[in-house]
Amino acid sequence: MRTFPAWAAAGPVHPVAVGMIMTPDMALDHELRRWAPLDVSLLATRTPFTALPVSVAQAEHVGDTIALQRGVHDLSAVGPAAYAYACTSGSFVRGVLGEQLLVEAMRTAGAPAALTTSGALVRALTHLGVQRVGIATPYDPEVTQRLTSFLGECGIDVVARAHLGLTGAIWTVPYGTTAGLVGRADHRDAQA
């Protein structure tokens, strides 16, 4: 006879729904579900597909306010408590003002609460009192520089950085490669 954990027998405890607006590459699906608490239901929609390689041009293309508003509209039928734009490069590529415009676009479309991955990163670092970081990205040098500039606008100094230089297939990077990349971005002056 198969046994189930106690929480399974009790059934769901009114999960909190979070509307996720993601890029069409499916890169985040496994990661988000892996780290989400059991009482959080992640509901996803996608921005339109583009055949551009991962680059500044591609990040600018996927960071489209109209696409985000459409995503909020598409998910509104299930009433998420909050919405997240889960494309990091798409949310930092146009700087702080660009990130704020994305949040405002989601709020204007009806999101009761909205954030981007880049905005969430800055909030977390600020909450922890972190002002100096090392960054590790899968991107090319130009996109990585845009992240450095975005963080600088937020008062966070990038003291070291490492990147993989990828223009696609980011979701195929093994955890070991990621760990090595983070190690290369480590610096004695970095707080995180």
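Read-outs throughout are calculated quantities, based only on the coordinates presented, and are distinct from any laboratory measurement. These numbers were taken from a predicted model, which means no experiment stands behind them. Using ideal geometry, Cβ is built from the backbone for each residue, glycine included, and neighbour counts are taken over all protein chains shown.
Can you give me the relative contact order of the chain as a percent, contacts being Cα pairs under 8 Å and 6 or more apart? Relative CO of the chain lands at 20 percent. Compute the angle between helix 95-108 and the longest alpha-carbon principal axis of the chain, please, reported from 0 to 90 degrees and rounded to the nearest 10. Tilt of helix 95-108: around 20 degrees. The trypsin sites (Lys or Arg not before Pro) found in region 85-192 that occupy coil by DSSP, while having at most 14 further C-beta atoms within 10 Å, are Arg188.
In this Cβ point-charge picture (+1 for Lys and Arg, -1 for Asp and Glu), the chain has a dipole of about 360 debye about its Cα centre. Compared with the dominant Cα axis of the chain, that is its longest principal axis, helix 175-185 is turned about 40°.
What relative contact order, as a whole-number percentage, does region 44-121 give when Cα pairs under 8 Å and 6 or more residues apart are counted? Walk me through the numbers before you get to the answer.
Working: 101 pairs, mean separation 26.8, N = 78.
Once divided by the residue count of region 44-121, the mean separation gives 34 percent.
Each helix, a run of at least 4 DSSP H residues, gives -39500 (n - 2.57); summed and divided by the residues of the chain, these come to -12500 deg cm²/dmol at 222 nm.
Contact order normalised by length for region 88-149, with contacts defined as Cα pairs under 8 Å and 6 or more residues apart; what percent is it?
This gives 43 percent for region 88-149.
The Cα-based radius of gyration and maximum Cα-Cα distance (Dmax) for region 22-93 are 12.7, 37 Å. Peptides 64-70, 87-93 ordered by packing proxy, namely the average of other Cβ atoms within 10 Å per residue, highest first: 87-93, 64-70. Taking Cα atoms only, the orientation of helix 141-153 departs from the longest principal axis of the chain by about 80 degrees.
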